[in-house]
Amino acid sequence: MRTLAIGDIHGCLNSLRSIVQQANLSPEDRLILMGDYVDRGQDSRGVIDWILKKRGSIKIITLKGNHELIMVQAAKSMANYGFWVSCGGVQTLTSYGADMKTLFDWKTIIPQSHWNFIHETLYYYETEEMIFAHASVDSDLSLNDQNEATLLWERYFDMDPHRSGKKVICGHTPQESGLPGVFDFGYCIDTGACYGGWLTCLDVESLDYWQANEEGEKRSGILKHSP
């Protein structure tokens, strides 16, 4: 069984389909999605539909990203709604078919199954050797005691090794190089898919990776092990 992790998708459905095909995903694999399924890209609805459909044949673990949090908060107040719209929510609304008539009653055009999906995403996932979190982890706290702001908003370069000694796999901080970021105790696999960059899938054991962008380009490689 392989453990594969995919970085911030942000509505980039074409890239998601491409890298899963490149990685030759099988029912024996475990796929961990690092959060930020929505906003900025063109097909947030399509991304969630794809995940819900694939769950029937593939083991998929879905982490919560800060953009899922922003979307949930947007449903609670106009101030939060304005913030969401300013950071990619417009593209999400468009993917659900919102127009001027539905713009201020937008919550009803999103299927309940999609709201359930968003609410059920996990703050972190842990294996015997690794910790998976959207943004970062507090090195001094157990995973059960982590705070939301750290897990969803902090940058990985402010992180210290976790007291468990486990490697950390994260996203959230776009890598300007377009390649996964390698640090002493883990990897950052947000490679800027929604900014014209790449979506990355990483085999966290072999360190093989596959990348695709919305223009249909593909590439792959192997990361060098961190010290």
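Please treat every number below as a calculation from the coordinates, not as lab data. The structure displayed is predicted, hence computed values, not measured ones. As a convention, Cβ positions derive from the backbone with ideal geometry for all residues, glycine included, and neighbour counts pool all protein chains shown.
Can you figure out the FRET efficiency of Ser86 with Ser26, using R₀ = 41 Å and their beta-carbon distance, to the nearest 0.05?
About 0.50, to the nearest 0.05.
Out of every Cα-Cα pair in the range 108-226, what percent are more than 26 Å apart?
26
Using amide H atoms built in the peptide plane, which far-off residues or other-chain residues are under 5 Å from Gly65 H to H?
Placed amide hydrogens put Asp36, Tyr37 under 5 Å from Gly65.
Please state the relative contact order of the range 3-222 as a whole percent: Cα pairs under 8 Å, 6+ residues apart?
Across the range 3-222, relative contact order equals 24 percent.
Based on DSSP loop calls and a cut-off of at most 15 other Cβ atoms within 10 Å, the longest stretch of the chain free of exposed trypsin sites (Lys or Arg not before Pro) is what?
In short, 164-223.
Find, among the GluC sites (Glu not before Pro) in the range 126-160, those assigned to loop by DSSP (not H, G, I, E, B) with at most 12 other beta-carbon atoms within 10 angstrom.
Glu128, Glu129
About the Cα centre of the range 79-171, what is the dipole size in debye to 20, counting +1 per Lys and Arg Cβ and -1 per Asp and Glu Cβ, all else neutral?
Once rounded to the nearest 20, the dipole reads 380 debye.
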